[in-house]
1. Let me check against my output: what whole-number percent is the relative contact order of the chain, with C-alpha pairs under 8 Å and at least 6 apart?
2. Spit out the partnerless Cys residues in the chain, using Cβ distances under 4.7 Å as the pairing rule.
3. Looking at the square roots a ≥ b ≥ c of the eigenvalues of the Cα gyration tensor of the stretch 130-217, which shape do they give, rounded for a/c under 1.5, prolate if a/b is larger than b/c, or oblate?
4. Filter K7/K34; K51/K208; K51/K93; K93/K230; K208/K230; K7/K247 down to the pairs with a C-alpha to C-alpha distance above 31 Å, please.
5. Can you give the Rg and Dmax of the stretch 4-254 based on its C-alpha atoms, in angstrom?
6. Please work out how much length the chain gains when fully extended from T240 to R41, using 0.36 nm per residue of separation minus the C-alpha to C-alpha distance, in nm with one decimal.
7. Could you line up M173, M227, M183 from fewest to most neighbouring Cβ atoms inside 10 Å?
8. Under 5 Å between amide hydrogens, which residues at least 5 positions from F8 or on another chain qualify, with H placed 1.01 Å from N in the peptide plane?
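What follows is calculated from the coordinates using simple rules that are stated; it is not laboratory data. Just so we're clear, the structure is a prediction, and the values are computed from it rather than from any experiment. Here the Cβ is made from the backbone with ideal geometry for all residues, glycine too, and neighbour counts use every protein chain on show.
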Amino acid sequence: MPATYDKFVPSHFPEFLARANFHSSYIDLAELRKFDDVANRFQPSSQLSEKLNSQTLLNHCLRCYYFSIAILDAGFPSNTPSVPQISREELIKQLYLTCILHDLGLSTHEDAASHPAHDMTFEFHGGLMVYEHLRAEYAPSLVLDDSQIADITQSIMLHDVFFDAGMSSATGMLMQLSAFFDMLGYGVYGTDSMECMLHRDTVRELEKAFPRGDMVEGSTYAAQEMMRVKPNCHLTRAPTFAARLIKGVHCLADSH
């Protein structure tokens, strides 16, 4: 893996692909886990995710994290002329925190349900919870600076919004790619559109290690209920995506 990656990449998927040089190959879970020391460095965040998320959602968060690492390994843009770079260590740190915390707004735990931002669309609700958590836990000791906290928070708030122009941070793009993939499989952006990034054997191994359980059924109910209770949520602005989300994918490794 390169020592640095492009800090910003095109948000529009075709432009992003043109910037990258993807070629997926099998990478096993043991190799992906060589960066797991980040979890020990950010135990308060790991514990918060475990406390507020169901096991199904927690597994989703972990799959997203490891999918993101695999996408980095497959050829995520790096050293593009005139594009600022972010170190591999810094990016993986931000990725871990973003992935493990990105769905707190879907939690039914009392701590989430009673948060003042609960009536917002879940991405904003969760993002504000994460912002408060990161500032309280890591800002005083300078483990995270304002810019890093902002990137993590914004990546969470925008992780399920499609863009056809502009730029995303590396953290934000990887969060979106991994989350969309975990919900919709290889055909997120068109038939087998993500096959160049994620080897099917790697995906199969991650699905076994972190089972999907009732992911499809739970997501279907959550999406329908969200659109009923919060008609101004993000999903109502993307009806095609919402319909695909409700249908779901049961086995990522066999999807197209």
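1. Relative contact order, the chain: 27 percent.
2. If one checks each Cβ against the other cysteines of the chain, C61, C196, C233, C251 turn up with nothing under 4.7 Å.
3. prolate
4. K93/K230; K208/K230; K7/K247
5. 16.9, 48
6. Separation in residues times 0.36 nm, less the Cα-Cα distance, equals 67.7 nm.
7. Listed from fewest to most nearby Cβ atoms, that is M227, M183, M173.
8. Here the answer is A170, since their amide H atoms fall under 5 Å of that of F8.
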